[in-house]
Amino acid sequence: MRSRRICRFTFYAGIFANFYSYFVTYALFWVIATRFGNIDGWGVEDMTVLLGFNALAYSVSGVLFSYAAYQLDNEIVSGNLDSYLVRPMGILQQMACRSFVVDALIGPIFVTVVFMVVAFERISYQITAFNFIYLAAAVTSGILIQSGAMIILGSLSFWSVHPQKIASVVLTEMRALTNLPLSIFPDFVRRGLTYALPLALVNYYPSLMIMRKVETNEEFVIGLLSPLAGVCFFIFSIYVFSAGLRRYSSSGA
Amino acid sequence: MGGFIQAEALSLDYVATKGGGFFKSLFLGGHETIHAIKDVSFSIEEGEVVGLVGPNGAGKSTLLKVLLGILAPTSGEVSVMGGDPFKQRRDNSYKTGVVFGHRSQLWWDLPVSDSFNLLKKIYKVPEGVYRQNLSYAEEHLGIYALWDVPVRHLTPGQRALAETGAASVHGPRLLILDEPASGIDISARRRIMEFVKRLNRERDATVVMATHYMNDTDELCGRVILIDHGSIVADMPLGAFRQRYGGRRAIKVDLNAPMVEFSIEGAAASPEPGGLTWRFRLDPGRITMGRLIDAISERAEIARVTVEDERTEDIVHEIYLSGLGDNLAPEYAEPWME
């Protein structure tokens, strides 16, 4: 972060680029969704909330752990991981500090909050105490799930060479599926994104709860437990990373 | 286990994938075990300065990584500052300074000052201690001249000075140096060696240094551990090492006029460009210094003769040429094959 502040142009350019990128994404989404009317009962406001949960989680987790997801492999191959290991600080913590750039956070959060507030206003959404607490917990859980996914995908570097492509497929292509209501996809996609790689817990199930679209017991239970699932998934990701680090320590590769 | 650093029958194996054809490697991935460190035992007392020397791939850096707790040994026991370095890596890192000559531990985009301030926070160094250690590094390494320069703008020599200073900012009890003076100018190299020497003498830091450059060992180390193919092949005080494997004398002869060619049995000759200065390494059993001087006098007028101790670098070079372990030439074989 300090290095970005030293180069002011990079800092302001980063803020503008991120703001522009997210604004264009939301604007296009809004135009297309308005044109289609609704998708499987999800109106433009509902899908904005769906997209908002996803974007918030991804921007925060990306600022913290994208370096681990995409660069851990290079750090291992170059031997730089050893430099992290000789310092009295956690490896992930050091990587998070290294990748943390506030300019990548300001634009996405600002644009997302504006579009979500507009969406809530348009449907006259009543924010109760429970909703507010659930909303905060769901956003936190989404950040933890996305972060966990990044950590696990980065940890593949301990077992394979150049796994960034897998990270890219999961964090870009597969994640893009969750920008749409999960109910429009075949059952195996829904189950995969719920139980195998729980990206749907980042936004779909919390949106069902918030927008009162829960129809089955399964949706209600998953929606209610998704904040807890975020914590569990993040802990699991740390475990995977530690296992990988133990492998590195026993093989140096 | 006693000793500041203690290793007993230490071994570390890698499992590497064997080569093969494309399709074969896809379905029948063969593996082979590489013995990076083999049954190594040694002890280093607090306050010692030990040089770890050996050719590329000998296992020097791997051994340092084990001492740092980066790699866990496959078998055997190791203790650093009273505990298992792998299990207490974080605790030990507060008391250990590390310089990797081939990679930077500083933050590339930040000025040197910011890197030092970050390290102060990471190592939780009290302000007073930090100021004291910084002044010490400034006094001997000239850190303040680099203070506001982003690390990426430093020359290799300046970066090495900053890296060494950064490794000392938390007042380490143990300094691990892996090729600290690799590829840097002579001035920076001397300052670094002098600084490390002072850290050892004035601040009781124990130093373990892996290097290719035996000059560094000559300047700094009281003891040499020679390692090859993952095994220790010699471990003794530097003086004993030189006495045991050296024995030959080196003579530098300056001439008043260039001498194009010269050779004599029992002395390896190496002229400097221009032919005005010649260096000879004498084999004591085969030629005397007097006979060599007489022979040169017959060919050219001698301006000055300087007798030099044989450099450790030359001794090790001879040992490498002779081969280690089973391939040792007879005159080198005896000491470590007993």
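The values are calculated or read from the model by the stated rules, or taken from the named source; none is laboratory data. Because the structure is predicted, anything quoted here is derived from the model rather than measured. When we count neighbours, we look across all protein chains shown, and the Cβ atoms used for this are built from the backbone with ideal geometry, even at glycine.
Quick look at the values:
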{"read-out": "Helices (runs of 4 or more DSSP H) (entirely within the range A:138-253) containing at least 1 residues that are in contact with a helix residue (DSSP H, G or I) (Cβ under 6 Å, 6 or more places away or on another chain) and modelled with pLDDT of 90 or more", "value": "A:187-191, A:200-210, A:217-251"}
{"read-out": "Some residue of the range A:75-82 being modelled with pLDDT of 90 or more and of a type outside the set (A, V, I, L, M, F, W, C)", "value": "yes"}
{"read-out": "Leading residue by the ranking (nearest to the other protein chains (Cβ to nearest Cβ)) among those in the range B:121-133 that are closer than 21 Å to B:LEU177 by Cβ and not β-branched (Val, Ile, Thr)", "value": "B:TYR123"}
{"read-out": "Residue in the range A:77-88 that is of a type outside the set (Asp, Glu), surrounded by fewer than 16 Cβ atoms within 10 Å (Cβ to Cβ) and either within 23 Å of A:PRO198 (Cα to Cα) or more than 14 Å from chain B (Cβ to nearest Cβ) (or both) present", "value": "no"}
{"read-out": "For B:MET214: the one exception among (1) under 26 Å from B:VAL99 (Cβ atoms); (2) modelled with pLDDT of 85 or more", "value": "(2)"}
{"read-out": "Residue match in the range B:49-68 (condition: at pLDDT below 90 and of a type in the set (Lys, Arg))", "value": "no"}
{"read-out": "Some residue of the range A:111-128 being farther than 14 Å from A:PHE53 by Cα, within 14 Å of another protein chain (Cβ to nearest Cβ) and touching a helix residue (DSSP H, G or I) at 6+ places or on another chain (Cβ under 7 Å)", "value": "no"}
{"read-out": "Residue list for the range A:78-135, restricted to those being more than 30 Å from B:GLY101 (Cα to Cα), part of a loop (DSSP other than H, G, I, E, B) and within 20 Å of the chain's Cα centre (by Cα)", "value": "A:VAL102"}
{"read-out": "Residue within the range A:223-242 that is closer than 30 Å to A:ASN74 by Cβ, surrounded by fewer than 16 Cβ atoms within 10 Å (Cβ to Cβ), within 14 Å of chain B (Cβ to nearest Cβ) and aromatic (Phe, Trp, Tyr) present", "value": "no"}
{"read-out": "Candidates A:SER99, A:SER66 - the one that is of a type in the set (S, T, N, Q), within 17 Å of A:GLY14 (Cα to Cα) and more than 14 Å from chain B (Cβ to nearest Cβ)", "value": "A:SER66"}
{"read-out": "Candidate set: the range B:137-153, residues that are assigned to a loop (DSSP other than H, G, I, E, B) and surrounded by 12 or more Cβ atoms within 10 Å (Cβ to Cβ); chosen: the one farthest from the other protein chains (Cβ to nearest Cβ)", "value": "B:GLY142"}
{"read-out": "Any helices (runs of 4 or more DSSP H) falling wholly within the range B:154-246 and containing at least 2 residues that are free of Cβ contacts under 8 Å to residues at least 60 places away in the same chain and of a type in the set (Val, Ile, Thr)", "value": "B:186-203"}
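Let's see how each residue does on (1) hydroxyl-bearing (Ser, Thr, Tyr); (2) under 20 Å from A:GLY79 (Cβ atoms); (3) away from chain A (no Cβ under 14 Å); (4) touching a residue at least 12 places away in the same chain (Cβ under 8 Å):
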position	(1), (2), (3), (4)
B:SER75	yes, no, no, yes
B:ARG103	no, yes, no, no
B:LEU118	no, no, no, no
B:SER135	yes, no, yes, no
